[in-house]
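Shown next, in C-alpha cells, is the structure this report addresses.
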Amino acid sequence: MIEMKVMGIAIDTASGSPIIVLNDKENRKALPIWIGSAEASAIIRKIENIKVLRPMTHDLIIDIIEKTGYTVNRIEINDVEKETYYSTIYLTNENENEITIDARPSDAIAVAIRVDAPIFVSAKVLADGSVSCDSAKDEEESEEFRNFIQSIKPSDFEKLLKDDKQSDQ
C-alpha cells in the first residue's frame, strides 16, 4: 500500500464531473478518481475549512463512529474494476479491535480528511489508474537503470551464481 494525500478537486472539462486527485508523498504519481458532486462538495468544505451550522453526512458518520468507541485508523483504496474503485474504512477501538467498512472512495476520503486518517492506495490501483507527475525524476531513474544494464558483464552473473551456490551449502 502506498500512502497518498488529497491534492485537490478538479473538474473534467468533457463531462463537467468532479475528480478528486490523490498524490503520493513524493508527488510522483497522481490518481484521479471521478466522484459525485455531493462528495466533492463535502471534501472541498473540509479542505477550505468552510464551517456549516449543522453536521453534514460525513460529520455524522464520524460522530457515530466515535460515540461507539471507535476511531478511523486509515482508509484503503484497494481495487478497481471497470473504472469502479473500491475502498475500505478501517476502524479500531481502545482494545485494538479492528472492523472494516466497505465504502465508496469518495465517502472514505471525505471521512478520512475530517479526522486526519491516512489514505492508502494499493499498487494494483496505482498501476491501473495513476499518472506520472514527475517526469524529470522518472527519466533520471530510467537513465540510471539503462546505465546499470549497459555496465553488466556476463562474468557478474557467474560471480552471483557462485555466491548463491555457496550459500545453499
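Output the residues belonging to the range 42-68 that are over 23 Å from residue 93 (Cβ atoms) and out of contact with any Lys or Arg (no Cβ under 8 Å at 6 or more places or on another chain).
Passing the criteria: 42, 43, 44, 45, 47, 48, 49, 50, 51, 53, 54.
So which of 71, 88 is more than 21 Å from residue 127 (Cα to Cα) and β-branched (Val, Ile, Thr)?
71
Which numbered condition in (1) surrounded by 14 or more Cβ atoms within 10 Å (Cβ to Cβ); (2) within 18 Å of residue 106 (Cβ to Cβ); (3) touching a residue at least 24 places away in the same chain (Cβ under 8 Å) is the only one that residue 28 fails?
(2) is the only condition that residue 28 fails.
So residue 38 passes all but one of these: (1) free of Cβ contacts under 8 Å to residues at least 60 places away in the same chain; (2) of a type in the set (Gly, Ala, Ser); (3) in contact with a helix residue (DSSP H, G or I) (Cβ under 6 Å, 6 or more places away or on another chain). Which condition number does it fail?
Status for residue 38: all satisfied but (3).
Keeping to the range 89-106, report how many residues are of a type in the set (A, V, I, L, M) and within 14 Å of residue 79 (Cα to Cα).
Total meeting the criteria: 2.
Any read-out appearing in this document is the output of simple, stated calculations on the displayed coordinates, not a laboratory observation. Here the structure is a predicted model, which means the values were calculated and not measured. So basically every Cβ, Gly included, is an ideal-geometry build from the backbone, and we count neighbours across all protein chains shown.
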